[in-house]
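Working notes, structure below.
The values are calculated or read from the model by the stated rules, or taken from the named source; none is laboratory data. These numbers come from a predicted model, not from an experiment. Cβ: placed from backbone, ideal geometry, glycine included. Neighbour counts: every protein chain shown. What goes into the accessible areas is simple: the full protein's heavy atoms, side chains included, and nothing from ligands, DNA or RNA. Shrake-Rupley method; radii C 1.70, N 1.55, O 1.52, S 1.80 Å.
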Amino acid sequence: MNPLDQLIEALRILPGIGPKSAQRMAYHLLQRDRAGAARLGQSLGVALERLQHCARCNTFTEAEICERCASPQRDASLLCVVEMPADLAVMEQTHSYRGMYYVLMGRISPLDGVGPRELNLEKLIARAADGVVAEVILATNFTNEGEATAHYVGEVLRTRGVKVSRIARGVPVGGELEHTDIGTLAQAMVERRSL
Amino acid sequence: MNTRQRFDDQPGFVLHTYPWRETSLIVETFTRDHGRLPLMAKGARRPGSAVRGVLMAFQPLAVSWSGKSELKTLTGAYWQGGQALLGGIGLLCGYYLNELLLRLLPREDAHPILFDRYAQTIRALAEGRQTAPLLRSFELALLQELGYGLTLDVVAGSGEIVQEGGNYYFIVERGVLEADGEMGDSATPGSALTGRALLAMAHDDFSDADTLAQAKGLMRRLLQHYLGGQQLESRRILIELQEL
Ligand SMILES: [Zn+2]
């Protein structure tokens, strides 16, 4: 295989990239932005060499324990479980949570063959049972897969004596009922709370 | 067959979705009048997509599509509502039902009776009803709908009616046989069935614990046979979750 075909083939490992897109990306890198391409190649090599999963929160970090997990400013008694690093980032933007995180790097999805083994749930269970964590907050998505994940993680931690909570869902802040999607509204009715 | 066909607001469920290209989804649907139907949902993974939150498994939908190729294009999906979301063990059972349908139902083969049974079973799971009788009843309905000719209240060959107090066993692809008949010794171990349990199953009555236990063994054997020995991922994952 010549270097061009090799590059196209390599780009195809990215999710959602078919042969045509891969070809377009390869030509762009080689013809329009050679400096950018060099940077991409270099940073990929460096990232692969230096990054690993944080021993505590499971996100990528250079050290064994990431900066956030090592920070004494954060409340180590709270552990928020999210699916992906992007979920952690958006949670941080709320500036309303000062606890720790655990990033699953996925969710339970039986029909995609992703179960507790593929997600390495044992690592989370061990993390939550460190004796310092007093409450685990499940902030997985409100999809079927996110719900299945929250349910099972919740059950397992509860049987180990850890207090578990699930983030609430409902009509968005500033949202009007008339413009709220039907599914959210239906579930908000099911999960209504007494005043 | 070259005309472009359109179907609007057909009752259906999403069985599973797969990401496709950068922003699209392949949606495996189970529709009442067109059976299992894979549809391409263009742009469904864009943040502002109108169908993004609607294309969720276990929710009754009204689905529209058009196209003449094998992979038709989804043109709309609306939430029919009236049902709570699945949760906990019911959710895992839902995945199991979907996996059975994905593996066993041929494409574009209408099964309206099975569709109604599926909708009814999902509703019962959402209501938090006991799962085992629901699963056995659905498995039996599925095998019968697929035309595997499961006759549980008549002895194969002789045509005699199964007796309440009799003892039987079941041979796959053959049917119910009397335990004291000439083939009694070669029956698969664990395949013993009481007449009482067989008659209850034939009447779709899984309320008795003994019937339930016998039905579980029988259905496991039948499904294994018709799945060609393939393992069900949803079953493996459910077992792994229970071991945590
Ligand atoms: Zn960390």
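Highest mean first, the peptides A:33-41, A:84-92, A:99-107 sorted by other C-beta atoms within 10 Å per residue fall in the order A:99-107, A:84-92, A:33-41.
Per-residue mean of other chain beta-carbon atoms within 10 angstrom of the beta-carbon, peptide A:155-167? Walk me through the numbers on the way to the answer.
Numbers: counts 5, 2, 1, 0, 1, 1, 0, 0, 0, 0, 0, 0, 0.
Other-chain Cβ atoms within 10 Å of each residue's Cβ, averaged: 1.
Roll a 1.4 Å probe over the protein chains and send me the accessible area per residue for region A:22-95 in Å². With the other protein chains kept in place, region A:22-95 gives 68 Å² per residue.
For A:M1 and B:Q231, what does the FRET efficiency come to when R0 = 25 Å and r is the distance between their Cβ atoms, rounded to the nearest 0.05? Let's see the in-between values first.
Values: r = 35 Å, r/R0 = 1.41.
The value I calculate is 0.10.
What residue among B:L199, B:W79, A:A47 has its Cα farthest toward the positive end of the dipole of the protein assembly as shown, where the charges are +1 on Lys, Arg and -1 on Asp, Glu, each on the Cβ? Of the candidates, A:A47 comes out farthest on the positive side.
Backbone geometry of region A:100-111 corresponds, through the Karplus equation with coefficients 6.51, -1.76 and 1.60 at θ = phi - 60°, to 3J(HN,Hα) couplings of 9, 10, 9, 9, 6, 6, x, 8, 5, 9, x, 6 Hz, x marking Gly and Pro. Can you give the angle from 0 to 90° between the axis of helix B:131-145 and the longest principal axis of chain B, with both taken from C-alpha atoms, to the nearest 10? The answer is roughly 90 degrees. Placing R0 at 45 angstrom, the Cβ-Cβ distance between B:S69 and A:Y97 gives a FRET efficiency of 0.40 after rounding to 0.05.
The residues B:H34, A:H179, sorted by heavy-atom accessible surface at 1.4 Å with ligands and nucleic acids left out, run A:H179, B:H34 from largest to smallest.
For region B:194-206, the Karplus equation 6.51 cos²θ - 1.76 cosθ + 1.60, evaluated at θ = phi - 60°, returns couplings of 8, x, 4, 5, 4, 5, 4, 4, 4, 9, 6, 10, 10 Hz by residue, with Gly and Pro reported as x.
If you take the alpha carbon radius of gyration of region A:12-68 and divide it by 2.2 N^0.38 Å, what ratio comes out, to two decimals? Walk me through the numbers on the way to the answer.
Working: Rg = 15.4 Å, N = 57, 2.2 N^0.38 = 10.2 Å.
That ratio works out to 1.51.
Interface B-A: total buried accessible area of about 2400 Å², 1.4 Å probe, protein heavy atoms only.
In straight-distance terms, cross-link reach from A:K123 covers every one of the lysines whose alpha-carbon lies under 24 Å from its own, apart from those fewer than eight places away in the same chain; here that gives A:K163. Taking the Cα centre of the protein assembly as shown as origin and assigning +1 to Lys and Arg Cβ atoms and -1 to Asp and Glu Cβ atoms, the resulting dipole is close to 1800 debye.
A simple spin-label model places pseudo-atoms 7 Å from Cα toward Cβ; at B:I161 and A:F60 they are separated by 7.1 nm.
Solvent-accessible area of A:E147, all protein chains in place: 40 Å² (probe radius 1.4 Å, heavy atoms, ligands and nucleic acids excluded). Counting Cβ atoms of other protein chains within 10 Å of each residue's Cβ and taking the mean over peptide A:141-153 gives 5.
Straight-distance candidates among the lysines for linking to B:K68, with alpha-carbon spacing under 20 Å and chain neighbours fewer than 8 residues away dropped: B:K42. Across the protein chains, with a 1.4 Å probe defining accessible surface, the residues A:E122, A:E135 rank A:E122, A:E135 from largest area downward.
The Kirkwood hydrodynamic radius of region B:5-79, based on inverse pair distances between different Cα atoms, is 11.9 Å.
Note on A:N141 and B:A132: the model spin-label points, each 7 Å out from Cα along the C-beta direction, lie 3.5 nm apart. Once the gyration tensor of the Cα atoms in region B:1-130 is diagonalised, the equivalent ellipsoid follows with semi-axes of 24, 17, 13 Å, ordered largest first.
The amide H of B:H16, built 1.01 Å from its N in the peptide plane, has B:E28 as neighbours under 5 Å, considering only residues 5 or more places off or on other chains. Inter-chain neighbour count for A:102-113: the average number of beta-carbon atoms from partner chains within 10 Å of each residue's beta-carbon is 4.
What residue among B:Y169, B:G147, B:Q224 has its Cα farthest toward the positive end of the dipole of region B:125-244, where the charges are +1 on Lys, Arg and -1 on Asp, Glu, each on the Cβ? The residue sitting farthest along the positive end of the dipole is B:Q224.
Counting each pair of different Cα atoms once, what's the Kirkwood radius of region B:85-244 in Å, rounded to one decimal?
Numbers: mean 1/r = 0.0600 Å⁻¹.
By the Kirkwood definition, the hydrodynamic radius is 16.7 Å.
To the nearest 20 Debye, how big is the dipole of region B:85-244 about its Cα centre, given +1 on the beta carbon of each Lys and Arg and -1 on that of each Asp and Glu?
Using only the charged Cβ atoms, the result is roughly 540 debye.
Given R₀ = 22 Å, FRET efficiency for B:Q242-A:R169 by Cβ-Cβ distance, to 0.05? Present the calculation step by step, with values, prior to reporting the outcome.
On the way: r = 27 Å, r/R0 = 1.22.
Approximately 0.25, to the nearest 0.05.
Rounded to the nearest angstrom and listed largest first, the equivalent-ellipsoid semi-axes of the protein assembly as shown from its Cα gyration tensor are 44, 29, 24.
What list of whole percents do you get for P(r) of chain A, with Cα-Cα distances grouped in 5 Å bins up to the one holding the largest distance? All Cα pairs, binned at 5 Å, distribute as 1, 6, 11, 14, 14, 13, 12, 10, 9, 5, 3, 1, 0, 0 percent.
Rounded to the nearest whole Hz, the Karplus-based 3J(HN,Hα) values (6.51 cos²θ - 1.76 cosθ + 1.60, θ = phi - 60°) of region B:163-173 follow the sequence 9, 3, x, x, 10, 9, 8, 10, 10, 4, 6, with x at glycine and proline. If one takes the longest principal axis of the Cα atoms in chain B, at what angle in degrees, from 0 to 90 and to the nearest 10, does the Cα axis of helix B:209-226 lie? The answer is roughly 60 degrees.
Taking only the C-alpha atoms, wrap a convex hull around region B:96-151 and report its volume per residue in Å³ as a whole number.
Working: hull volume 4.4 nm³, N = 56.
Per-residue hull volume (Cα only) is 78 Å³.
Overall, region B:5-79 carries a charge dipole of about 200 debye about its Cα centre when +1 sits on the Cβ of Lys and Arg and -1 on the Cβ of Asp and Glu, all other atoms neutral. The residue list A:A134, A:M1, A:T149 was ranked by how far each Cα lies along the charge dipole of the protein assembly as shown toward its positive end, using unit charges on Cβ atoms, and A:M1 comes out on top. Sorted on the mean count of surrounding Cβ atoms within 10 Å across their residues, most packed first, peptides A:109-118, B:92-101 read B:92-101, A:109-118. Close amide-amide hydrogen proximity is noted between A:A76 and no other residue 5 or more places distant or on a separate chain, at a cut-off under 5 Å (H modeled in the peptide plane; Pro and chain starts excluded).
Between beta-carbons, use under 13 Å as the cut-off and find the net charge around B:Q130, counting Lys and Arg +1, Asp and Glu -1. Could the numbers behind the result be given before it?
Details: positive: B:R129, B:R136; negative: B:E127, B:D208.
Cβ neighbours under 13 Å give a net charge of 0.
Each residue was assigned an accessible area with a 1.4 Å probe, and for A:T61 the value is about 10 Å².
A probe of 1.4 angstrom, applied to the heavy atoms of all protein chains, finds A:H53 with accessible area near 80 square angstrom.
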